[in-house]
1. May I ask you to rank K86, K64, K76 by accessible area, largest first, using a 1.4 Å probe over the protein chains only?
2. Just to be sure I understand the curve: with the Debye formula and one point per C-alpha of the chain, what is log10 I(q)/I(0) at q = 0.15 Å⁻¹?
3. Could you state the accessible area per residue of the chain in Å², with a 1.4 Å probe and every protein chain left in place?
4. Each residue of region 7-24 in order: what ³J(HN,Hα) in whole Hz does its phi give by Karplus 6.51 cos²θ - 1.76 cosθ + 1.60, θ = phi - 60°, with x for Gly and Pro?
Amino acid sequence: QVQLVESGGGLVQPGGSLRLSCAASGRIFRINTMGWYRQAPGQQRELVATITSSSSTNYVESVKGRFTISRDNAKKTVDLQMNSLKPEDTAVYYCYAYALGLHSWGQGTQVTVSS
């Protein structure tokens, strides 16, 4: 099983930037897919971005051109650079990993975009 720990959330003004980081640990040799999901109050959890071990990426339409996902396979980390943040980006962001046939989630980190 994979353990995931997020960092980097916080409060930012509209138009600002934040960088989320996630570190994976556990008895794993290779993680197939890593990514980020988010859940706003009263809404379902939605995919934000994913990245495979070969660095193929996928983004939800609403963040394309503003967010960039990256990973370091050796360090087992995944980052999400978020630029031009909007109030509608406010949510709890969860790190995600798929490895050894299992889906794993972090505890979540709050991102609040407000003036």
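The values are calculated or read from the model by the stated rules, or taken from the named source; none is laboratory data. Owing to the predicted nature of the structure, the values given are computational and were not obtained by experimental measurement. Ligands, DNA and RNA are excluded from the accessible area calculation, which covers all protein heavy atoms including side chains. Shrake-Rupley method; radii C 1.70, N 1.55, O 1.52, S 1.80 Å.
1. Output order, biggest surface exposure first: K64, K86, K76.
2. Per q value, in the given order, log10 I(q)/I(0) is -0.59.
3. 54
4. So the Karplus estimates, Gly and Pro as x, are 8, x, x, x, 9, 9, 7, x, x, x, 10, 9, 10, 9, 10, 9, 10, 9 Hz.
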